[in-house]
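Below: the structure, in structure tokens.
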């Protein structure tokens, strides 16, 4: 018997099958999906690989498989890996690794995550006998009685917890074991991040007429066991989550499982709490990058065994080994974080579509501001559109006002807060209501510059200006992490006229503290959520401790429900408008509508102030109206006129390396090959000549790019893979990637 094996490697010329002999003693234990160790090449070290096929014979002289590690992947996951590798121009093994249990993908076996064990204490006799011993004074020690009472209450308890809770010692527990009252066993400890959550259970809310209609349409597909794609398009606060909850309840009642994807880690705590309140924590498993490897490892096992039937997580949770999947739900489907920027550069929505189609289950996408492509497909009948036009609790959408920052400057206001916003913050503080201030830029100043010679402090590894972080007194690069002390004298001309330009969340926090010294503030950005559970702690404090003002970047704007927030201030709407990307207007509109949706979600009226230097921009104006469809109608016409997605696909080829000459040479060779092949196959494509990327150096690597506008097809994917895996191209010491519809064009 012969196994076809793919070696676990990101090297492009190893992205193929190698034949290996299956020793007789392994034939009954090996199957497609098995993870094996094999001798490879001249190396004495064994390489890890995956069995992708088993056949009777081979034409080659082959080596034996050395060891079977474990059954890791199902046939379905192998098929999905091959589809992803082709679609996203990556090695098959890179896709397979996304589907492996966390903590088992490292090649260093000593570092692999192992099951955590601990000593557990339980009774060694019936409770009635123990009570009798205590009542008859045969157990006299108060500490022994305390231990026995605690164990009777808990049935089984970790020894460490028992010692802590009863303020006793191991010696006393050992005595009780010796006397036959207790038994001490080593057991596996499940690392569950939900263990400490104490939340009251809730019941289903009454649906509005619109919610009921939307629910019923998806329910029909569940009943028919059919694949169907839905878009739940509802204004902020319209009760999309309640529909998710009741659909998943239906799935669980049928003995099936569900995957619920959310875009941001910061969204996960509130979503998890809603789900625990409804279903309890026993059948819920959480997967996201802020968990420890051990927690993710154990969550994966609970999903694999079928103990956890509801999976909530970020992008990678789509690969969880869910048993008997019944529905996939993707909340805030417009969010760019569903697209991976690391190899393999997959789109979780596309992967979910493939899984749903294969599994014959519904896929539900939800958003108040759908992705333009998703809404276009819904308008053209490829996706079924479900609408929620009103807020679920009959609260009104907030009142939105635009403030022209040019006029503020003309009136002598040089602070970050307009007169109008200042007044409304004062009123909110007086009325004991909460405020959210949004600024999508962290740090203190965007860059620092010498006023005499124009010198700008830049990263030594990347061609990008350093951001000033006042609290640490450092200049930091947000691309590679390089940092250096703040300069006070220009290294170019010796001048002391170093000035700070632009503003970030740190500077905003400082200004707010000066303006409103009695107000309590809290900041949420990537600098304040580095520790585990810090994002959850910030949101908890803001909500429970009634902190007056929450300042943050885009992680505060989506999905959160704060009943006492009646004012939202967008400090600058211009950051996302001025990026070099065809989606700049869409992203600006999405952000503004989503952040506006945090205000007035209960019965109190909400106010939103949008500060901008571009008050007449159509994305700002339609965000003021909170009218997605009017914005969509303008944007889709522009996209059609300029032939941008959804009227085409954009494929970006990135070429990078340490020597610019080699990068340039590789880019031009790739362009020539692509141009030749698409002409030979008569494929309609607009292939732009290679040029340095807008940020032409990151982490000391020079960067060039080639852009292709076309309609993706199987033949084109085949051509691109041929060019990327061309032997002559691979000889160059440059990294080449291809990305379909990338989120970052820089």
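The values are calculated or read from the model by the stated rules, or taken from the named source; none is laboratory data. Predicted model only: the values in this text are computed from it and were never measured. Because the Cβ atoms are built from the backbone with ideal geometry, glycine has one as well, and the counts that use them run over all protein chains shown.
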Q) For the range 1-76, which fully contained strands (runs of 3 or more DSSP E) count at least 3 residues that are modelled with pLDDT of 90 or more and out of contact with any helix residue (DSSP H, G or I) (no Cβ under 8 Å at 6 or more places or on another chain)? A) 2-7, 17-21, 34-39, 46-55
Q. Among the numbered criteria (1) under 44 Å from the mean Cα position of the chain (by Cα); (2) modelled with pLDDT of 90 or more, which single criterion is violated by residue 182?
A. (1)
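Name the one entry in 516, 589, 542, 562 that is outside the structural domain of residue 234 (by TED's automatic domain parsing), buried (at least 22 other Cβ atoms within 10 Å of the Cβ) and touching a helix residue (DSSP H, G or I) at 6+ places or on another chain (Cβ under 7 Å).
Answer to the selection: 589.
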Q) Residues of the range 431-460 being outside any strand (DSSP E or B), on the phi < 0 side of the Ramachandran plot and under 27 Å from the mean Cα position of the chain (by Cα), which ones? A) 439, 440, 441, 442, 444, 446
Q. Can we say residue 550 is outside the structural domain of residue 238 (by TED's automatic domain parsing), crowded, with 24+ Cβ neighbours inside 10 Å, at pLDDT 85 or above and assigned to a helix (DSSP H, G or I)?
A. no
**Q.** Failed item, numbered, when residue 396 is tested on (1) within 31 Å of the chain's Cα centre (by Cα); (2) in a loop (DSSP other than H, G, I, E, B); (3) crowded, with 19+ Cβ neighbours inside 10 Å
**A.** (3)
Q: Among the residues of the range 526-539, write down those that are out of contact with any strand residue (DSSP E or B) (no Cβ under 9 Å at 6 or more places or on another chain), in a loop (DSSP other than H, G, I, E, B) and surrounded by fewer than 19 Cβ atoms within 10 Å (Cβ to Cβ).
A: 526, 530, 531, 532, 533
Q) If you check residue 330 against the conditions, is it at pLDDT 95 or above and under 23 Å from residue 629 (Cβ atoms)? A) yes
(Q) For the range 440-454, give me the residue count where each residue is at pLDDT 80 or above and touching a strand residue (DSSP E or B) at 6+ places or on another chain (Cβ under 7 Å). (A) 4
(Q) Every residue in the range 347-363 that is outside any helix (DSSP H, G or I) and out of contact with any helix residue (DSSP H, G or I) (no Cβ under 6 Å at 6 or more places or on another chain), please. (A) 347, 360, 361
Q. Going through the range 501-525 one residue at a time, which ones are within 13 Å of residue 439 (Cβ to Cβ) and in a loop (DSSP other than H, G, I, E, B)?
A. 502, 503, 504, 525
Q) Which members of the range 596-620 meet the condition of being out of contact with any strand residue (DSSP E or B) (no Cβ under 8 Å at 6 or more places or on another chain), within 19 Å of residue 372 (Cβ to Cβ) and in contact (Cβ under 8 Å) with a residue 60 or more places away in the chain? A) 597
Q. Restricting attention to the range 16-36, which residues are farther than 29 Å from residue 722 by Cβ, surrounded by fewer than 18 Cβ atoms within 10 Å (Cβ to Cβ) and more than 36 Å from the chain's Cα centre (by Cα)?
A. 21, 23, 24, 25, 27, 28, 29
Q) Taking residue 687, is it without any contact (Cβ under 8 Å) to a residue 40 or more places away in the chain, touching a helix residue (DSSP H, G or I) at 6+ places or on another chain (Cβ under 9 Å) and surrounded by 16 or more Cβ atoms within 10 Å (Cβ to Cβ)? A) yes
Q.
Among the residues of the range 669-684, what is the count of those that are outside any helix (DSSP H, G or I) and crowded, with 19+ Cβ neighbours inside 10 Å?
A. 0
